[in-house]
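Here's the structure, in structure tokens; my notes come after.
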């Protein structure tokens, strides 16, 4: 699953210069302005979760714990968690849609809390328990939130569904008997363009108190 | 997104050294809910991100009835409304932190970040001003305090000098018979930016207002301390007529603009309505009757 290929996290500024062996850090050191940073280049690759000293802008070795499994990869510090998950680790369940903390399609759990993977750097997520849509079922047995999505026909095109399921799971993990209003509050960071909200709310409401997959 | 360096200091001293070493080029990263969006839009050119979430002082949340609340700048919203003691002591703070973004934002976004981002519409800032919060700011050169109403100086600009870091916010202990409230107007139910907002605090004594502060969101280049609106209440009876005067003063203090969220005239009217409603609720929270 892990390809471990360092890739650029975004299109702009991507690395023609970098491919020629240029990095901003070595450039700065070369002209003598990096006094505070000199020496850190040595530890860039081996630093892992210990970033007391600056790392980057070149790819840095990190370890992400996703659905209970550790993945080693190299990312530039600017790479978001959604890009690392989708582009480098093949976790394509979380969707990249608005890419600006608005729509919720990229929702994953970080240490048990729902979070937008588009507005979290991958490097920040080290040492935290990352849970994605891929990790919530047990083999063929769906998580109750997923099961009730099916029963209530809570999706149309389905593109927002993984994010909604994760946000819904966050609600039922915390509260086994939420009111419908609490369900609405918990889902307020997710948007469905097809307008399947009625089914989504009902699915999460019914899944509460039904345990895990 | 442009190239950045990343650093995660474990102590305040190490963070201050990082800011000093990258004069003007370092940006503090807490929840990142504003910062990442701004970086992606090309509106933040900083070359070094200093992740401040592992610094103990910035994660502090301690309350006592004598000392009040010390809130570390990086404490995320969910920790604040998840704390029963803090929620009971500062319900107006909870009003604001529970409506910033949605669930996913509240898990990451901090009050300190909302303040430093210095948006005119920042929901938490009117509450900080109304409650008389003092901001503790530190740099390699020393520590100073900034009143919440002086912290935002222009849209997106705060009072921090290069190398300075917001460490914590100090909330005075709630006075006897005091109450506070924040309300905003948005056309949606959630996940929106205030067309206007009002944060107020009142203290009552013998059927009169003994102290009051009013602050407004989204009606000036910065969150606005409407000093006159609070002063209009002090010494007056706890009565709808007093509140009407304060609401009129808040409306007069507002300096809104026309934009896609609402016209200036509409916002001025909202200031009067929101101030009145917030004051009515604050009086009720203070145990008073109108």
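Consider residue B:101 carefully, then state whether it is touching a helix residue (DSSP H, G or I) at 6+ places or on another chain (Cβ under 9 Å) and outside the structural domain of residue B:151 (by TED's automatic domain parsing). Quick ask: steps written out before the conclusion?
Values: touching a helix residue (DSSP H, G or I) at 6+ places or on another chain (Cβ under 9 Å): yes; outside the structural domain of residue B:151 (by TED's automatic domain parsing): no.
Criteria not met by residue B:101.
The set of residues from region A:185-199 being in a helix (DSSP H, G or I), farther than 18 Å from residue B:82 by Cα and within 14 Å of chain B (Cβ to nearest Cβ) comprises just one member, A:197. Residues in region B:45-101 that are in contact (Cβ under 8 Å) with a residue 24 or more places away in the chain, more than 16 Å from the chain's Cα centre (by Cα), in a loop (DSSP other than H, G, I, E, B) and away from chain A (no Cβ under 14 Å): B:60, B:65, B:66, B:67.
Where residues in region B:1-13 are at the interface with chain A (Cβ under 8 Å from one of its Cβ atoms) and surrounded by fewer than 17 Cβ atoms within 10 Å (Cβ to Cβ), which of them is nearest to the chain's Cα centre (by Cα)? Talk me through it step by step, then tell me what you get.
Of region B:1-13, the ones at the interface with chain A (Cβ under 8 Å from one of its Cβ atoms) are B:1-10.
So of that shortlist, the ones also surrounded by fewer than 17 Cβ atoms within 10 Å (Cβ to Cβ) come out as B:2, B:10.
Working: B:2: 29, B:10: 26 Å.
The selected residue is B:10.
Which of the residues belonging to region B:21-44 are more than 22 Å from residue B:120 (Cβ to Cβ) and at the interface with chain A (Cβ under 8 Å from one of its Cβ atoms)? Selection gives B:21, B:22, B:29.
All of A:144, A:114 fail the test of being surrounded by 18 or more Cβ atoms within 10 Å (Cβ to Cβ), at pLDDT 95 or above, within 27 Å of residue A:207 (Cβ to Cβ) and at the interface with chain B (Cβ under 9 Å from one of its Cβ atoms), apart from A:114. The residues on offer are A:84, A:105, and the sole one that is surrounded by 23 or more Cβ atoms within 10 Å (Cβ to Cβ), in a loop (DSSP other than H, G, I, E, B) and in contact with a helix residue (DSSP H, G or I) (Cβ under 7 Å, 6 or more places away or on another chain) is A:105.
Filter region B:239-271 down to the residues that are touching a helix residue (DSSP H, G or I) at 6+ places or on another chain (Cβ under 6 Å), in contact (Cβ under 8 Å) with a residue 24 or more places away in the chain and surrounded by fewer than 21 Cβ atoms within 10 Å (Cβ to Cβ) and list them by number. Result: B:268, single match. Of all residues in region B:21-32, none satisfies being part of a helix (DSSP H, G or I) and touching a residue at least 40 places away in the same chain (Cβ under 8 Å).
Can residue A:199 be described as touching a helix residue (DSSP H, G or I) at 6+ places or on another chain (Cβ under 8 Å) and surrounded by fewer than 18 Cβ atoms within 10 Å (Cβ to Cβ)? For residue A:199, the condition - touching a helix residue (DSSP H, G or I) at 6+ places or on another chain (Cβ under 8 Å) and surrounded by fewer than 18 Cβ atoms within 10 Å (Cβ to Cβ) - is not met. Among the residues of region A:110-135, those identified as in contact (Cβ under 8 Å) with a residue 24 or more places away in the chain and part of a loop (DSSP other than H, G, I, E, B) are A:112, A:120, A:126, A:127, A:128, A:132. With the checklist (1) touching a helix residue (DSSP H, G or I) at 6+ places or on another chain (Cβ under 8 Å); (2) farther than 22 Å from residue A:189 by Cβ; (3) within 14 Å of another protein chain (Cβ to nearest Cβ); (4) surrounded by fewer than 19 Cβ atoms within 10 Å (Cβ to Cβ) in hand, flag the one item residue A:100 doesn't pass. All conditions are met except number (2). Based on this model, can you work out whether residue A:160 counts as in contact (Cβ under 8 Å) with a residue 40 or more places away in the chain, out of contact with any strand residue (DSSP E or B) (no Cβ under 9 Å at 6 or more places or on another chain) and within 14 Å of chain B (Cβ to nearest Cβ)? Judged against the criteria, residue A:160 is a match.
The values are calculated or read from the model by the stated rules, or taken from the named source; none is laboratory data. The shown structure was predicted, so the numbers you read here are calculated from the model rather than taken from an experiment. Glycine also receives a Cβ, built like all others from the backbone with ideal geometry; neighbour counts cover every protein chain displayed.
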